[in-house]
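Asker: Mind looking over this structure? Questions follow.
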Amino acid sequence: MIDPKVLRTDPDRLRRSQQARGESVELVDEAMSADDARRRAISSFETTRAEQKSLGGQVAKASGEQKAALLARTKELSAKVKELNTAADEANAHFEEVMKRFGNLVIDGVPVGGEDDLYVIDQVGTPRDFAAEGITVRDHLEIGEKIGAIDMERGAKVSGSRFYFLTGPGALLEFALMQHALAMATTWGFTPMVVPALVKPSAMDGTGFLGQAADDVYHLERDDMYLVGTAEVALAGYHADEILDGDTLPRHYAGFSPAYRREAGSYGKDTRGIFRVHWFDKFEMFVYCAPEDAEAEHAKLLGYEKEFISSLGIPFQVLDVASGDLGLSAARKYDCYGWVPSQGKYREITSTSNCTEFQARRLNIRMRDADGVRPLATLNGTLCAMSRMILMILENNQNADGSVTVPEVLRPWIGGLEIFEAIN
């Protein structure tokens, strides 16, 4: 949720943000009207309640007809106070409902555009020239089947479309990536965590995943619980309704969990293989910090993602995500796109978002320092989405005979094995 002070003191800033997101600018006027109605309702309630309290003291001193008249007025005010209190509560609830429809305020400098506007700000590594090596490029699924790493057919048999089994080398790669990610995260000072994959509605709503992304969420109606699409949800909810000591900030967590996504908005896209699936495992970085430190922490998260991808030898680009593709909670987002040889283009593999105070306000997470008690900032960043990173390794490290060279940094986690040999 955005700071209501922005609505009252700088509504044009909010209008600019809404316009940049491609969202309703008229919502600003609706929110201002709801805020005015809320404040008038609260004022009426407080004025009437003050009169009620004042009469209480007068009744004690009065007698006769005067006391009777005061008692009658007190009874009348008592009913009025209840009525106005209800009206104030309803007006406040309506205001909060309107405010929750706003996405986070877009940070100045974020490029304007939508999903198809890709602003590349950095490129790391050079794609292999497979043709020069005499290699006919295979896609990750063909490679995965040749080395016995991926079984889509049985995944669909057991769970349906866009599910899979990682077998043999595929499973080894996931466990090696998990250990490598954990080792790097702890070196950077992150506290490792294994987090719940099922959360309450308050956690899902607080992180903004019941807004624009609601169609991609799995909901268990019987239990009113949600399957998370990222460990970000549980990590954000970890300190909900708490006040953190400013001296303990920033706090860095690295959470591991399965991630579940309906991919409802991607019908017909990337249906082959494990690029876009309904379930995968994921390491997610999460930061709590003072708002004034958020941009610096965001740069660090991007740096960690770049270091991790580079350690695997995957060529990639860094994108400054356009304003219309930020998602509800992000004020700025950077994506890393890895090279996919079979497609001849870069595809998304990590993302890091600066959510400023947006999620903290919705989850009632605050900090206490010399400036008093105030909302803090939250940030998140993908360290390793296993299925897509495995895809990148298989395609970029493929050999002419169908085998795959294991990235050097992963070999210690799989007994020093250097090559996954083709078996099919």
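Please treat every number below as a calculation from the coordinates, not as lab data. Just so we're clear, the structure is a prediction, and the values are computed from it rather than from any experiment. Here Cβ is always computed from backbone atoms with ideal geometry, including for glycine, and neighbour counts include all displayed protein chains.
Asker: How big is segment 283-424 in terms of Cα radius of gyration and Dmax, in angstroms?
Answerer: In order Rg, Dmax, the Cα atoms of segment 283-424 give 18.8, 65 Å.
Asker: In percent, what relative contact order does the chain have, based on Cα pairs under 8 Å that are 6 or more apart in sequence?
Answerer: Value for the chain: 20 percent.
Asker: Give Lys282/Lys333; Lys157/Lys345; Lys282/Lys306; Lys100/Lys282; Lys100/Lys306; Lys157/Lys269 a once-over and call out the pairs whose C-alpha atoms are over 25 Å from each other. Can you show the working numbers first?
Answerer: Numbers: Lys282/Lys333 18 Å; Lys157/Lys345 31 Å; Lys282/Lys306 16 Å; Lys100/Lys282 28 Å; Lys100/Lys306 33 Å; Lys157/Lys269 21 Å.
Going by Cα-Cα distance, Lys157/Lys345; Lys100/Lys282; Lys100/Lys306 fall outside the 25 Å limit.
Asker: Note the direction-averaged projected area, equal to a quarter of the hull surface, for the Cα convex hull of segment 210-292, in nm².
Answerer: Projected over every direction and averaged, the Cα hull of segment 210-292 covers 7.5 nm².
Asker: Most fluctuating residue of Leu249, Leu220, Leu235 in a GNM of the chain with Cα springs under 10 Å: which is it?
Answerer: Maximum fluctuation in the GNM of the chain, among the listed residues, is at Leu220.
Asker: Expressed as a whole percent, how much of the Cα-Cα distance distribution for segment 83-122 exceeds 15 Å?
Answerer: Pairs farther apart than 15 Å: 65 percent.
Asker: In whole Hz and in residue order, list the ³J(HN,Hα) couplings for segment 373-390 that follow from phi through the Karplus curve 6.51 cos²θ - 1.76 cosθ + 1.60, θ = phi - 60°; x for Gly and Pro.
Answerer: Per residue, the Karplus-derived 3J(HN,Hα) values read 9, 8, x, 9, 10, 10, 9, 9, x, 5, 8, 7, 8, 4, 4, 6, 6, 5 Hz.
Asker: Still on this structure, I have one more. Give, as a single signed number, the net charge of other residues whose beta carbon lies under 10 Å from the beta carbon of Leu394, with Lys and Arg counted +1 and Asp and Glu -1.
Answerer: Taking every Cβ under 10 Å from that of Leu394, the sum is -1.
Asker: How large is log10 of I(q)/I(0) for segment 232-346 at q = 0.13, 0.17, 0.19, 0.24 Å⁻¹ when the intensity is taken from the Debye formula with one equal scatterer per alpha-carbon?
Answerer: -0.68, -1.16, -1.40, -1.65
Asker: Can you pull the three principal axis extents for the Cα set of the chain, in Å, largest first?
Answerer: The Cα atoms of the chain stretch 107, 44, 43 Å along the principal axes, largest first.
Asker: Need one word for segment 375-424: rounded, prolate or oblate. Basis is the Cα gyration tensor (sqrt eigenvalues a ≥ b ≥ c); a/c below 1.5 gives rounded, then a/b vs b/c decides.
Answerer: The shape class here is prolate.
Asker: Select from Glu83, Glu295, Glu284 the residue whose mean-square fluctuation is largest in a Gaussian network model of the chain (Cα-Cα springs shorter than 10 Å).
Answerer: Looking only at Glu83, Glu295, Glu284, the biggest GNM fluctuation is shown by Glu83.
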